[in-house]
Amino acid sequence: MITLEAKIILTAVLFLCMFSMMYLTRLSLRKFTLLRSIEANRRKVILNLIYFSIYILAFVFLGIIWGVNMNQLTLFVSSVLAVVGVGFFAQWSILSNLTSSVILFFNHPVRIGDRIRILDKDFELTGEVTDISGFFFFITTDKGEHITMPNNLVIQKGIEIIQTHKTT
């Protein structure tokens with residue numbers, strides 16, 4: 001049986017570790033985005049997703065420290081995940097767009113300011129990438145049209161980078 005003082009000390013250590021992880025994550029993500037010339041708005045989306053994961057992990061450890069019954073915790077977590085799963089299944093595009101946003105952030109060569117051509121047999125367009133958010137990809141075409149595409153479609157379509165935007 002853990003004493004109250006030990007639980008308080010472990011909780012303080014947990015919060016110290018959590019805030020340290022968040023600080024180190026922010027520093028390493030900032031370094032990564034500078035090396036890859038990734039914009040601040042895209043960094044915010046990824047940082048918020050990582051922070052959310054850290055909060056969930058800290059919540060679980062906090063429950064373990066304070067002696068939450070594991071059977072009850074498992075029942076609660078599985079119930080929440082079932083509700084969230086049904087919600088995401090009903091709106092699968094939300095989860096798909098968030099996942100695509102992470103893929104675009106880390107692995108896709110297209111950056112804001114690049115001139116691109118989206119290769120699609122039915123709908124081919126050429127223009128400049130003006131923004132990439134957590135859910136949408138924004139393009140201004142050569143005709144001056146402002147096109148918004150879901151991130152999951154950007155991942156699925158072939159893209160030709162005509163001219164890259166050099167940041168200095």
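All conditions in (1) of a type in the set (Gly, Ala, Ser); (2) in a loop (DSSP other than H, G, I, E, B); (3) at negative phi hold for Gly113, with the sole exception of (3). Please work out which one of (1) loosely packed, with under 13 Cβ neighbours inside 10 Å; (2) at pLDDT below 80; (3) in the same structural domain as Ile9 (by TED's automatic domain parsing) is the condition Lys121 fails and give its number. Status for Lys121: all satisfied but (3).
Okay, residues lined up against (1) more than 30 Å from Ile159 (Cβ to Cβ); (2) assigned to a loop (DSSP other than H, G, I, E, B); (3) touching a strand residue (DSSP E or B) at 6+ places or on another chain (Cβ under 9 Å); (4) in the same structural domain as Gly158 (by TED's automatic domain parsing):
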residue: Leu34; (1), (2), (3), (4): no, no, no, no
residue: Arg43; (1), (2), (3), (4): no, no, no, no
residue: Ile64; (1), (2), (3), (4): yes, no, no, no
residue: Ser78; (1), (2), (3), (4): yes, no, no, no
residue: Val84; (1), (2), (3), (4): yes, no, no, no
residue: Leu95; (1), (2), (3), (4): no, no, no, no
residue: Ser100; (1), (2), (3), (4): no, no, yes, no
residue: Thr130; (1), (2), (3), (4): no, no, yes, yes
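The rows are residues; the columns are (1) in contact with a His (Cβ under 7 Å, 6 or more places away or on another chain); (2) at pLDDT below 85; (3) on the phi < 0 side of the Ramachandran plot.
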| position | (1), (2), (3) |
| --- | --- |
| Leu125 | no, no, yes |
| Val129 | no, no, yes |
| Ser133 | no, yes, yes |
| Phe136 | no, no, yes |
| Ile139 | no, no, yes |
| Gly144 | no, no, no |
| Glu160 | no, no, yes |
| Gln163 | no, yes, yes |
| Lys166 | no, yes, yes |
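Rundown of residues vs (1) modelled with pLDDT under 90; (2) surrounded by 10 or more Cβ atoms within 10 Å (Cβ to Cβ); (3) of a type in the set (S, T, N, Q), yes/no style:
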| residue | (1), (2), (3) |
| --- | --- |
| Leu14 | no, yes, no |
| Met21 | no, yes, no |
| Arg26 | no, yes, no |
| Leu34 | yes, yes, no |
| Trp66 | yes, yes, no |
| Gln72 | yes, yes, yes |
| Phe76 | yes, yes, no |
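If you go through the stretch 1-47 and keep only what is touching a Lys or Arg at 6+ places or on another chain (Cβ under 8 Å), among the polar types (S, T, N, Q) and touching a residue at least 40 places away in the same chain (Cβ under 8 Å), you end up with just Ser37. Filter the stretch 132-148 down to residues that are free of Cβ contacts under 8 Å to residues at least 24 places away in the same chain and in a strand (DSSP E or B) and give me whichever is nearest to Asn48 (Cα to Cα). Taking the candidates together, the pick is Phe138.
The values are calculated or read from the model by the stated rules, or taken from the named source; none is laboratory data. Predicted model, so just to flag it, every value in this text is computed and none were measured. A quick note on method: Cβ atoms are made from the backbone with ideal geometry, for glycine too, and the neighbour counts reach across all protein chains shown.
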